[in-house]
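*Asks:* Here's a structure for you.
The values are calculated or read from the model by the stated rules, or taken from the named source; none is laboratory data. Just so it is clear, the model here is predicted, and its values are computed rather than measured. When we count neighbours, we look across all protein chains shown, and the Cβ atoms used for this are built from the backbone with ideal geometry, even at glycine.
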Amino acid sequence: MKVTFAMTSISRNAGGLAPVGRRLAQELIRLPATAVSVVGLRDEYSNEDLALWSPVGVRLCQGHGPKRLGWSANYASALRSEAPDIVHQHGIWSLLALEATRFRREHGKLVISLHGMIEPWALQNARAKKRLAWLAYQRRNLASADCLMVSSEPEVRYVRELGIKTPIAVVPNGADALPLGTNSSELGSLPDERRVVLFLGRLHPKKGLAELLGGWAELLRGQPELRAQWTLMITGWDDGGYEATLRGLAKELGFGPSELVFTGPLFGEQRDAALARASAFILPSFGEGMPMAALEALASGVPVLLTEACNLNVVFDAGAGIRIEATEAGVCRGLAQFVALSTVERGEMAARARRLAAERFAWPQLAAEVRAVYAWLLGQGSRPSQVF
């Protein structure tokens, strides 16, 4: 079985898509009779991040036209050179969809992972451009695929409401625990006695960051003793200049220097250090597929505060986190509930988080589920139970 992942970027520029694709590919090639390669666009970080994909073979194509279109004239020849039985397209809305659809029509099977890009909030963002793309090629891309792949059951409903009847496999994203020996001192100046609530992700209105800052300010006003005990750490890369908006809001809200910290984007050991330093992870998002950072927090034994839109209700059922709403009041309530827990109670929640990740979001298990979908499409196995 030969599979080629088709991606617009294999680097940090792809956000959560890169680690999802990378870890899935790395686990798939461990399975019997499974060869995996990757075709992606070259960008300013691709050479630097390429080593992370080892031992998976990656072919980089030079992009053509505006970067946001995600297209290369060399995509078609790269896919033909790999000669896969299945092309697995990661993400939608780029012109990569044209080449993936063409390859499927002429050569083999096509699987498309949606990565949350079809949920309602995502569809409303840049609505006019997406409507044009939908009419021009994206609907045909999804309708002609042999199988779509989503990370949560609500996404099945979103796809069906768009009139797409393609089979859909539900396979969650996975996560790895922090490497042994991860040192939180990599972050530097915060005193050890301060506890950290961590946001980790791109800085974008979709993530509920304005509501997070407002809810944090409300919490500190109501419980001023927390100012000397807790820090809200905002870690991630600026998307479209939104960081300046957030910093302006933070100034208006009057946070002290240790009450709110913007770290900018962190990678490698520094990113791991941020998770190791956290007492809690928070994501008051308006819409997600299945957020990688939240899964990584769980795997690292960090309790999570999430909205329903994160599609991780299993967290609440397992007692591994707290449900919040994407409003200032909702964020404040959730944070107040968490900080009121005793040290022992927070430790128990952390243990449940780590256990949940090991039982449901381990990459080897998920790679086996994905391979079972591939085998079914190639007539090498029965239809998996997670295909709807």
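*Asks:* Considering each of Gly65, Gly116, Gly40 in turn, give the residue that is more than 23 Å from Ile164 (Cβ to Cβ) and under 21 Å from the mean Cα position of the chain (by Cα).
*Replies:* Just a single option satisfies the conditions, and that option is Gly40.
*Asks:* Every residue in the stretch 5-60 that is among the polar types (S, T, N, Q), in contact with a strand residue (DSSP E or B) (Cβ under 9 Å, 6 or more places away or on another chain) and either assigned to a loop (DSSP other than H, G, I, E, B) or not assigned by TED's automatic domain parsing to the domain that holds Arg371 (or both), please.
*Replies:* Selection gives Ser11, Thr34.
*Asks:* Quick check on the stretch 309-358: of everything there that is more than 29 Å from Trp121 (Cβ to Cβ) and within 22 Å of the chain's Cα centre (by Cα), which residue is surrounded by the most Cβ atoms within 10 Å (Cβ to Cβ)?
*Replies:* Out of the qualifying residues, it is Ala350.
*Asks:* Return only the number of the condition from (1) closer than 22 Å to Glu325 by Cα; (2) over 21 Å from the mean Cα position of the chain (by Cα) that Pro257 does not satisfy.
*Replies:* Just one mismatch for Pro257, condition (1).
*Asks:* Still on this structure: Give the stretch 124-152 a look and list any residue that's part of a helix (DSSP H, G or I), among the charged types (D, E, K, R) and either in contact (Cβ under 8 Å) with a residue 24 or more places away in the chain or in the same structural domain as Pro291 (by TED's automatic domain parsing) (or both), or say none.
*Replies:* Selection gives Lys130, Arg139, Arg140.
*Asks:* Still on this structure: Looking at the stretch 237-247, can you tell me whether even one residue there is of a type in the set (Val, Ile, Thr) and closer than 19 Å to Ala297 by Cβ?
*Replies:* no
*Asks:* Could you please let me know if Glu218 is over 15 Å from Thr245 (Cβ atoms), buried (at least 16 other Cβ atoms within 10 Å of the Cβ) and modelled with pLDDT of 95 or more?
*Replies:* Spelling it out, Glu218 is indeed over 15 Å from Thr245 (Cβ atoms), buried (at least 16 other Cβ atoms within 10 Å of the Cβ) and modelled with pLDDT of 95 or more.
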